Every structure is written in C-alpha cells, then in structure tokens.
Amino acid sequence: MRRQKIGILGATGMVGQRFIQLLEHHPWFEIAWLAASDKSSGKSYGDAVKWKLDTTLPAHIAKMPVSPATPEGAPKVVFAALDSDIARDLEPKFAAAGCAVISNSSAFRMQEDVPLVIPEVNADHLPLLENQSWRKQSGGYIVTNPNCSAIGLVLALKPLEERFGIESIFVSTMQAVSGAGYPGVASLDILGNVVPYIKSEEEKMQEETLKLLGSLKGSRIESLAAKISAHCNRVPVEDGHTESVSVKLRKPATREEILAAWGDFKPLAGQNLPTAPAQPIEFVSADDRPQPRLDRMRGNGMASTVGRLRPCPLLDWKFTVLSHNTIRGAAGAALLNAELLVSLGKLDPVAVTA
Ligand code: NAP
C-alpha cells in the first residue's frame, strides 16, 4: 500500500511537533511538506524548530526544508496547527486550492458548514463538508477537531447522553501549560501558581461540547439542548488536562449503569483506524486517579480516563476526567479524523490503495 503524502501547516509548533511524532511510522500517511511562518520558511526543519518532545527528531525530517505557508507545492492533504487568527486567513486558501484541511484551530469549528468531529462521538456530522463552497468549487474542504479541553469531556459524556440523556453539565478544568503552545505561559506566571483565566476557553468548551453532542438536521447541526458552565484554569502541569465534572441526567442512573455505559462504549466509527484507542474511555477505580503524569498516555495518549465517580449533592453525579491535550486533544484527534475520512473514501482513496 502506497502511503499518501501529507503536509503540516504550523509544523514547528507544539501541535506540529506532535504531528511529526505521530506520523513518523504511520501506515497510511507520509510527511512530504512542512510549513510555518516567514521566520522559519527557507530554513531546514531542524534549524527552525525548538524540538520539545521526548522522542528524537527523526533525521530525515530535520533535513526537510520549511516551505512558505501557501498552497503552491503543498500536498492535497494538509494537517493544520496554526493560531486561530492565522488559520482564519490561511486555511480557506488551502481549501480553495483543493486541499483537505484537517484543522486544529478554533477559527472555523463553529461555522455552520464545517464539521467539528470526534470519530467515536459524531462521525455522522461529516456530511456537512459537502455543503462547503470550497468543496463544490475545487474539491477542497475544512474539517476540525475540538478544543483540547472539550474532547476528553465529550468522550466521557457521549455514552451518558446516549443512555440517560443530559440536562446540565458543570466542569472546572486544570489545564497543562503545553496547551498554550510554545513558549506559552511565562514561567514566572505559572511556577507554583494557578491562573484562573484562559482567553475564550470557557466559551469554546461550552459551545463546542453542545455542537459535538448535537444532531445533524438537514444541512446544520442542532446543538444538544443542555445547560453547561465551564471554568478554565491553567496549572503548572506539562501535558494532560484534568477536569472536575458534575452532570444532571434526564433519566436516573446507578453507579453500575454509568460504569457500564463507559465500559461498553466501543463505537464503530473509531474502530480499526490505526490511531483509535481500543478503549476510548478508561475507568480507573483508585481514589486518587486519574492523574496527568500517571494516566495521560493511556491508549497511547488517545484514551479519555475517568475516575472518582460519586454522587453529586447539586447535580446527579460527579467524576474526574483526564486527556492528553496535544495527542487526544490536538494532533492525534486530527489524525483520527483523517483516518476516518480515508475510511469513508473522502481523502483521495485512490492514492491510499494504489
Ligand atoms: P504554537 O506552538 O504557538 O505553534 C504555532 C505554529 O504556527 C508554529 O509552527 C508557527 O511557526 C506557525 N505560525 C505562526 N504564524 C504563522 C504564519 N503567519 N504563517 C504560517 N505559520 C505560522 O501553537 P500550538 O500549541 O501548536 O497550537 C496550534 C493550534 O492548535 C492553535 O490554534 C491552538 O489553539 C490549537 N490547539 C492547541 C492545543 C495544544 O494543546 N497545544 C490543543 C488543541 C488545539 P513559527 O515557528 O515559524 O513561528
């Protein structure tokens, strides 16, 4: 099987580096093009990047040139890891040039004709992409994955919504510093400290969660009719977002029924894709888990780990959820979306199977 050539926009950033790490031995995709800002373009990737991951930068990637962030010369499949204001300008140019843009940025997540997708949760939202003007004119399109704090939460909520219905959600996050990109939060602001503000994060968590759990009605998504309140905090943790969650359900559920809903959650759309975790939601029973350092790499960083399930005196149930913000919350999420698009024949299947 020939691997499909892909490009990475924003290849030098925290998420871009994760793409390189996750794609290094990918069975379906091959990195053929790297792009970043003007300050990096023209350099070799090894000279342009400040490599921050605990695996070695592959030598052949280090030698690759960083290209300008324009569609000329880019492959037809592009993973995008750009800041949202830059993405708002650049991603449509790639889609208009016929590229499938698999995006991490928030720029288009809430646009009516742009699918916001977690394969295990709402693969049925993907047909929205057929409504995009780029799709109709050039074949290109934009598909997005959610904010890094919404994704772990939504994986844990989906089985509860399916079995019991959800009336309201209260969530308070403890988000890792790598979620702010590099160099991110100044060390003097975060060491020995907690910052109870992440710009626009609470709004994104609230609206994206309801879109992801919503239903495709004709050519638009009807968001889930539930109340949600998010508090977002930055904490001095390197990787892994931890969240304290309370939910009010529409039908009563026992602890055993909730555990069964999580344990049984093995949706078709996430199965047999190379990056999909065998168990998308892992429950840990120890009183003091999940913890970011100990649990973020469950399912190769693609599982959402839940624990501390107990009755909530305000709503019905409360629990803790943890997910890896740059793997499940960013590069791994986009990669899984691309694999789903391949499996549906929407990502140049000829090249993949030739
Ligand atoms: P980052 O570390 O700041 O990296 C930003 C990347 O964008 C770098 O490669 C940078 O290249 C490039 N860039 C900046 N200006 C550019 C321009 N004008 N043209 C082309 N490329 C440009 O950010 P990040 O954490 O990787 O985040 C990237 C996106 O993913 C953001 O939208 C973020 O919200 C989203 N996201 C991040 C996480 C996370 O946990 N970090 C999770 C989910 C989603 P240079 O090196 O040349 O400046």
*Along its principal axes, what span do the Cα atoms of the range 263-354 show, with the longest given first and each in whole Å?*
56, 26, 19
*Got a number for carbon plus sulfur as a percent of the chain's accessible area, 1.4 Å probe?*
52 percent
*Provide the percentage of antiparallel DSSP beta bridges, counting only those with both residues in the chain; round to the nearest 5.*
45 percent
*Rg to Rh for the range 1-104: what is it, with Cα atoms only and Rh by Kirkwood?*
0.93
_Positive minus negative residues near G218 (Lys, Arg vs Asp, Glu; Cβ under 14 Å)_ = -3
_Pairs of alpha carbons in the range 233-288 whose separation is greater than 14 Å (percent)_ = 72 percent
_At 0.36 nm per residue, and after removing the present C-alpha to C-alpha distance, how many nm does the segment from C312 to H25 gain when stretched out fully?_
98.9 nm
*Relative to the longest principal axis of the C-alpha atoms of the chain, give the angle of the C-alpha long axis of helix 201-212, reported between 0 and 90° and rounded to the nearest 10°.*
90 degrees
_How charged is the neighbourhood of L336? Take every other residue with its Cβ under 12 Å from the Cβ of L336, and add Lys/Arg as +1 and Asp/Glu as -1._
-1
*asked:* More than 36 angstrom separation, counting every C-alpha pair in the chain; what % is that?
replied: 17 percent
*When the distances between all Cα atoms of the range 161-211 are binned every 10 Å from zero, what whole-number percent does each bin get?*
17, 44, 23, 13, 2
_Extension gain, S215 back to L268 (0.36 nm per residue minus Cα-Cα distance, nm)_ = 17.3 nm
*State the volume of the convex hull built on the alpha-carbon positions of the range 148-324, expressed per residue in Å³ and rounded to an integer.*
134 Å³
*Taking only protein heavy atoms into account and a 1.4 Å probe, give the accessible area per residue of the chain in Å².*
42 Å²
*Which length gain, in nm to one decimal place, applies between K50 and K63 when the Cα-Cα distance is subtracted from 0.36 nm times their residue separation?*
3.3 nm
*asked:* Under the √(5λ) rule applied to the eigenvalues of the Cα gyration tensor, what semi-axes describe the equivalent ellipsoid of the range 120-238? Give them in Å, descending.
replied: 30, 20, 10
_Euclidean distance of C-alpha centroids, the range 174-251 and the range 34-107, integer Å_ = 25 Å
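The values are calculated or read from the model by the stated rules, or taken from the named source; none is laboratory data. The structure displayed is predicted, hence computed values, not measured ones. Cβ: placed from backbone, ideal geometry, glycine included. Neighbour counts: every protein chain shown. The protein model used for the area step is the full one, side chains on, heavy atoms only, and it has no ligands, DNA or RNA in it. Shrake-Rupley method; radii C 1.70, N 1.55, O 1.52, S 1.80 Å.
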